[in-house]
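Have a look at the structure below, then the notes.
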Amino acid sequence: MRRSDETLAEDRLLRDSARRFLEERHPWKEPAARRAAGDPAATWRELAELGWFAMAVPEELGGLGADAHRCLLILQEAGRVMLDAPVMTTLLIAPRLAAGSDSPALASLLDGAAAGDVRFALVTGSDRGAPLRVAAGRLDGTSALAVGAAEATHWLVVADGALSCLDAAATPALRQELRLIDGRAASVLRFDGVPVPDEALVATGDAAARLAAEAADLAIAGTVADALGALAAGIDRTTVYLRERRQFGQPLASFQAVQHLMADSYCEMEGLASLLLWLGAALDGDPVERRRAAAAAKIFLGRQGLAAVSRCIQVTGGMGMAEEYPIGHVFKRLQTAAALFGTADHHLHHLAAG
Amino acid sequence: MDSLFTDDEKAFRRHVRASIRAMLPADLAEKTRAGIHLSREDMARWNRILDERGWAAHHWPAAHGGTGWTPIQRFIFESECADADAPPLSVFGVYLVGPTLYTFGSEAQKARYLPTIRSGAEFWCQGYSEADAGSDLASLRTTARKVDGGWVIQGQKAWTTEGHFADLMICLARTNSAVKPQAGLSLFILDMKAPGVSVHPVITIDGAHSVNTVFLDEVRVPDDALVGELDKGWTYAKFLLGHERINNAQVHRSRREFTRLKALAARTPAPGGGVIADLPGIRQRVAGLEVELSALEATILRILADQTQGREPGPEASIVKVIGSRLQQSISDLAMDVMGEDGIHITEDGSDPDAGERRGWTERHLFRRVVTIYAGTNEIQKTIIARTVLGL
Ligand SMILES: Cc1cc2nc3c(=O)[nH]c(=O)nc-3n(C[C@H](O)[C@H](O)[C@H](O)COP(=O)(O)OP(=O)(O)OC[C@H]3O[C@@H](n4cnc5c(N)ncnc54)[C@H](O)[C@@H]3O)c2cc1C
């Protein structure tokens, strides 16, 4: 357990080396330029070579056994450069769900994931369409937005009745491919009586329900970590801009109104970081507290996190509105994160209901 | 807000409502609902229809081809246009340049330009801001140099909305660098097709092209391109900005969009059953926004009542700009929460009747970051309020 990101020297080393690597190899680019230049498969192999997909794998399953906190540090770094590669499920979620399951369905794929050959995407049920359900060995229903599902080799499908890990290429699903406002790809998958072979079952019954709840909270943690990284980088970049740009013969940074806006944003970013730290610890603890911590982080992201990045645009002025300038993309990354896995309103509603 | 209107005004509202509904082509209303940046053709078409009725420049004095309506009648007319989903008119010609020209322009300028502004035959853009002169507009560096028979304009304008389809620019340029910055500026009319003008698109974070960088490379304009007196440009520009700010409160569009958002929430399924509009948290936010919208409407009515007695927009313009712009953002924030996951992707799914409506909200939400930035940032407006109103 850590009460600060600075507590352990190893954490800091890991974070700093990830940051150096990402800033050198995958600095932020406009989404169109990124899509044109990038080779997603090569990127994925590079990340695997860094050990990203082995870190959360328990030692007894041949991995590095890093705790949630450390994985979230990496996801924050990925958020800082707004990495396109949808790493969250493979890095954080799959290994932890595998550790909580008795079946080899997921565990047997972790070596392949560590090597970069297996790429997971989390597929959860939609609030609004037909729920995902596994009954009598068949999967039905419509998914929520599944980020990275098109590039994944395996889908981790969280459904009523079962958690399964399906070979994406062999699964007949109706796919709607979408482009998110932050430039990433996501899919909506529809399953009509898709057979779920026994070998694909990660858990059923109560165990599946338990892992489904854990998956939901892990997904929130990963999403908030990414958004927090993006926000921190956005605030850094904005402060640099404010020192450089001059109006009325002085740097924007010298105007108290601007200083106060940025101070507000900073307070909000720190609040979000603290909630994520709590959530990181809670992921290794009691499910009731874990749920509360996840809801808190998601609500704070949807309210204060978005306010924080909006102010960064505000103080950047017209330049903040330009597609070629990064801060608008930070806004879109956070806006996307705020909508995935339940809006702030949704979580507030449940928190208030007790 | 019926109690703030007289019976005559209510009758006027019924009259314009019926007329607008009869005049407005259904496809234009549809396009207005779907997008934020309308094409020149669409804006021009509505402009022409209104002009045939004598209503295009409805807020101008009758002597210049306006309606002679009272400020309150104009308010009613604009709210009815928004309610009917009529396209907004391009703000630059009819709202900004028209009043500047009939107030400060020469007879020749009025005769040449006012009719085509009214009819929508010519479009204008506003060439004030520059890359290094935004809030500090008076520091702008575009110059106008006197030559035989006219002026040569040299410089670069930034963020020029609609510059890519405008025919004319109202351009603020430095004519005297020996005096303090505000005192050495003049206002010019510039033909966008003149040699030396080049327009480069700037894409904004909603993915659209509405603004441009405009290079002015030794652009020659005739003597009568100067508006009003030499070196008085700052005064004229400030006059124009006052009009821009009242317009930028966008109260009628906000009211209309809010109504549509409530309808969207009332048909969007909520997680766990029912509709989003019925969730207690959403109901409270809707009620809260309703209150803020009423405050804005009543504030604007107060300002207009003062204007009826002949007062030009003063620092109150700053108040409504601040309140109105924040409200626009709060409404689109709520829209994002109503739409949830369906608001963060751009889908072409023709089978979903609400896909277009949602797309419009998403694009608006992104573009709306700008409303607290342009037409004088909210920080600058608040400083004006603090200084000129509160005397701080
Ligand atoms: C989409 C869009 C459309 C536009 N359309 C037009 C147009 O058609 N024509 C035109 O001429 N211009 C247009 N503009 C320009 C717009 O008016 C400017 O962006 C605006 O005036 C702000 O200037 P800036 O962008 O240089 O920001 P800056 O002036 O650099 O301001 C950056 C931040 O610093 C703050 N700040 C600056 N000075 C102070 C101070 N003294 N005290 C406290 N805070 C301060 C600002 O409030 C802001 O938050 C448009 C801009 C955009 C983004």
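The values are calculated or read from the model by the stated rules, or taken from the named source; none is laboratory data. Note that the coordinates shown come from a computational prediction; the quantities given were computed from them, not determined experimentally. Cβ placement follows ideal geometry from the backbone for every residue including glycine, while neighbour counts extend to all protein chains displayed. SASA here: full protein model, heavy atoms, side chains in, ligands and nucleic acids out. Shrake-Rupley method; radii C 1.70, N 1.55, O 1.52, S 1.80 Å.
Other chains near A:173-186: what is the mean number of their Cβ atoms within 10 Å of each residue's Cβ? Intermediate results must be reported in sequence, preceding the final value.
Working: counts 0, 0, 0, 3, 2, 7, 3, 4, 11, 2, 0, 2, 1, 3.
Mean number of neighbouring Cβ atoms from other chains: 3.
Hey, which lysines would be in cross-link range of B:K321, C-alpha to C-alpha under 27 Å, not counting anything within fewer than 8 residues on its own chain?
A:K332, B:K10, B:K31, B:K157, B:K232, B:K238, B:K262, B:K382
Mind checking the dipole of segment B:248-388: about its Cα centre, +1 per Lys or Arg Cβ, -1 per Asp or Glu Cβ, Debye to the nearest 20? Display every interim value, and only then the final one.
Working: 19 positive and 19 negative charges, 109 e Å.
Dipole size: approximately 520 debye.
Return the whole-Å distance between the Cα centroid of segment B:117-137 and the Cα centroid of segment B:294-325.
That distance is 23 Å.
Would you mind getting the Kirkwood hydrodynamic radius of segment B:48-174 from its Cα pairs, rounded to one decimal in Å? Before the final figure, lay out each step's value.
Details: mean 1/r = 0.0620 Å⁻¹.
Kirkwood hydrodynamic radius for segment B:48-174: 16.1 Å.
If I take R0 = 30 Å and measure r between the Cβ atoms of B:T388 and B:Q329 in this structure, what FRET efficiency does the formula 1/(1 + (r/R0)^6) give, to the nearest 0.05? List each step's numbers first, then the result.
Details: r = 25 Å, r/R0 = 0.83.
After rounding to 0.05, the efficiency reads 0.75.
Compute and list, largest first, the equivalent-ellipsoid semi-axes of segment B:2-89 from the alpha carbon gyration tensor, each √(5λ) rounded to a whole angstrom. Let's see the in-between values first.
Details: eigenvalues 101, 51, 22 Å².
Output for segment B:2-89: semi-axes of 22, 16, 11 Å.
So, with +1 on the Cβ of K and R and -1 on the Cβ of D and E, and no other charges, what is the size of the charge dipole of chain A about its Cα centre, to the nearest 20 debye? Mind dumping the intermediate values first?
Numbers: 35 positive and 44 negative charges, 241 e Å.
Taking the Cα centre of chain A as origin, the dipole is about 1160 debye.
Would you mind calculating the gained length between B:E30 and B:D83 on full extension (0.36 nm times residue separation, minus the Cα-Cα distance), in nm to one decimal?
On the way: separation 53, 0.36 × 53 = 19.08 nm, distance 1.25 nm.
Length gained between B:E30 and B:D83: 17.8 nm.
Under the Kirkwood approximation applied to all pairs of distinct alpha-carbon atoms, what is the hydrodynamic radius of segment B:248-388 in Å?
Numbers: mean 1/r = 0.0607 Å⁻¹.
It works out to 16.5 Å.
For B:A62 paired with B:D167, estimate the spin-label separation in nm (one decimal), with each label point 7 Å from Cα along the Cα-to-Cβ line.
2.8 nm
Based on the alpha carbon coordinates of segment A:235-290, what radius of gyration and maximum Cα-Cα distance (Dmax) apply, in Å?
Rg then Dmax for segment A:235-290, in Å: 17.4, 56.
Among residues other than A:D102 whose Cβ falls under 14 Å from its Cβ, what is the net charge (Lys/Arg +1, Asp/Glu -1)? Intermediate values should be presented prior to the final figure.
Details: positive: A:R210; negative: A:E60, A:D198, A:E199, A:D206.
Charge balance near A:D102 sits at -3.
Do you know the relative contact order of chain B, to the nearest whole percent, from alpha carbon pairs under 8 angstrom that are 6+ apart? Write out the running numbers ahead of the final one.
Values: 613 pairs, mean separation 54.8, N = 392.
14 percent.
Carbon and sulfur: what percent of segment B:2-89's accessible surface (1.4 Å probe)?
Working: 1980 of 4010 Å².
Ligands and nucleic acids excluded, carbon and sulfur reach 49 percent.
Give the residue from A:L340, A:A307, A:G320 lying farthest towards the positive end of the charge dipole for segment A:233-350; charges sit on Cβ (+1 for Lys and Arg, -1 for Asp and Glu) and the dipole is referred to the Cα centre.
Towards the positive end, the residue furthest out is A:G320.
Averaged across B:334-342, how many Cβ atoms of other chains sit within 10 Å of each residue's Cβ atom? Mind showing how you got there, number by number?
On the way: counts 1, 0, 6, 8, 2, 2, 12, 15, 6.
Across the residues of B:334-342, the mean count of other-chain Cβ atoms within 10 Å is 6.
Tell me the volume per residue, in Å³, of the convex hull enclosing the alpha carbons of the protein assembly as shown.
168 Å³
What is the gain in length, in nm to one decimal, between B:D354 and B:A295 on full extension, counting 0.36 nm per residue of separation less the C-alpha to C-alpha distance?
Working: separation 59, 0.36 × 59 = 21.24 nm, distance 3.04 nm.
Roughly 18.2 nm would be gained on extension.
What spacing in nm lies between the two simple spin-label points modelled at A:F248 and B:I203, each 7 Å away from Cα in the Cβ direction?
Using points 7 Å along Cα→Cβ, the separation is 3.5 nm.
Counting only protein heavy atoms and a 1.4 Å probe, tell me what percentage of segment B:124-231's accessible area is made up of carbon and sulfur. If you can, show how the numbers build up before the last one.
Working: 2230 of 4260 Å².
C and S fraction of accessible area: 52 percent.
Taking every pair of alpha-carbon atoms in segment A:207-353, give the share separated by more than 27 Å as a whole percent.
On the way: 3007 of 10731 pairs.
Summing the P(r) tail past 27 Å for segment A:207-353 gives 28 percent.
With each pseudo-label sitting 7 Å past Cα toward Cβ, what's the A:D286-B:T259 distance in nm, one decimal?
Here the answer is 5.2 nm between the modelled labels.
What net charge is computed for the residues neighbouring B:D51, neighbours being all others with C-beta under 14 Å from the C-beta of B:D51, Lys and Arg scored +1, Asp and Glu -1? Working shown, then result.
Values: positive: B:R45, B:R48, B:R53, B:R118; negative: B:E52, B:E122.
Counting the neighbours of B:D51, the net charge comes to +2.
In whole Å, how far is the Cα centre of segment A:232-279 from that of segment B:370-392?
20 Å
Per-residue Cβ counts within 10 Å, from other chains only, averaged over A:338-348: what number is that?
Working: counts 5, 9, 3, 1, 3, 10, 2, 12, 8, 0, 3.
Mean partner-chain Cβ count within 10 Å for A:338-348: 5.
Taking segment A:1-94, how much of its Cα-Cα pair set, in percent, is spaced more than 24 angstrom apart?
Working: 924 of 4371 pairs.
Of the Cα pairs, 21 percent sit more than 24 Å apart.
Starting from the coordinates of the alpha-carbon atoms of chain A, obtain the Kirkwood hydrodynamic radius over all distinct pairs and give the value in Å to one decimal. Please list the in-between numbers first.
Numbers: mean 1/r = 0.0483 Å⁻¹.
Across chain A, the inverse of the average 1/r is 20.7 Å.
Can you spot the aspartates and glutamates whose alpha carbon is less than 16 Å from B:K180's alpha carbon? Ignore those fewer than 8 places along the same chain.
Within reach: B:D136, B:D231.
Which listed residue (B:P195, B:L279, B:T308) has the Cα farthest towards the positive end of the charge dipole for chain B, taking +1 on Lys and Arg C-beta and -1 on Asp and Glu C-beta about the Cα centre?
It is B:T308.
Can you grab the distance from the C-alpha centre of segment B:1-15 to the C-alpha centre of segment A:81-130, Å, no decimals?
Here the answer is 62 Å between Cα centres.
Tell me which of B:Y113, B:T143, B:C125 sits at the most positive position along the dipole axis of segment B:105-154, charges placed on C-beta atoms (Lys, Arg +1; Asp, Glu -1).
Going by the charge dipole, the pick is B:Y113.
In whole Å, what are the Cα extents of chain B along the three principal axes, biggest one first?
Dimensions of chain B along the principal axes of its Cα atoms: 75, 48, 47 Å.
Which percent of the Cα-Cα distances in segment B:124-231 go past 19 Å?
Working: 2256 of 5778 pairs.
More than 19 Å apart: 39 percent of the Cα pairs in segment B:124-231.
Mind putting a number on the dipole of the protein assembly as shown about its Cα centre? Charges go on the C-beta only, +1 for Lys and Arg and -1 for Asp and Glu, and I need it in Debye to the nearest 20. Before the final figure, lay out each step's value.
Working: 80 positive and 94 negative charges, 438 e Å.
Result for the protein assembly as shown is approximately 2100 debye, rounded to the nearest 20.
Using every pair of alpha-carbon atoms in segment A:52-137, split the distances into 5 Å bins beginning at 0 and state the percent of pairs per bin, rounded to integers.
Result, from short to long distances: 3, 14, 22, 21, 16, 12, 9, 3, 0 percent.
Using a Förster distance of 41 angstrom, determine the FRET efficiency expected from the C-beta separation of A:E60 and B:V275, and round it to 0.05. Working shown, then result.
Numbers: r = 48 Å, r/R0 = 1.18.
Step by step, r from the Cβ atoms, then E = 0.25.
From the helices alone, meaning DSSP H stretches of at least four residues, give me the mean residue ellipticity at 222 nm for the protein assembly as shown, per-run term -39500 (n - 2.57), in deg cm²/dmol to the nearest 500. If you can, show how the numbers build up before the last one.
Working: 25 runs with 356 residues, N = 746.
It comes out at -15500 deg cm²/dmol, rounded to the nearest 500.
Take each of the peptides A:333-340, B:226-233, B:65-72, A:7-14, average the number of other beta-carbon atoms within 10 Å over its residues, and list them starting from the highest.
Values: A:333-340: 25.6, B:226-233: 19.6, B:65-72: 17.6, A:7-14: 12.8.
Per-residue mean Cβ counts within 10 Å order the peptides as A:333-340, B:226-233, B:65-72, A:7-14.
When Rg is the radius of gyration of the Cα atoms in segment A:100-227 and Rh is its Kirkwood radius, what does Rg/Rh come to?
Details: Rg = 13.8 Å, Rh = 14.7 Å.
Rg/Rh for segment A:100-227 comes to 0.94.
Please report the antiparallel percentage of the DSSP beta bridges confined to segment A:98-245, to the nearest 5.
Working: 25 of 30 bridges.
DSSP beta bridges in segment A:98-245 are roughly 85 percent antiparallel.
Which FRET efficiency, nearest 0.05, do B:D132 and A:L174 yield, Cβ-Cβ r, R0 45 Å? Spell out each step's value before the answer.
Details: r = 53 Å, r/R0 = 1.18.
Rounded to the nearest 0.05, the efficiency is 0.25.
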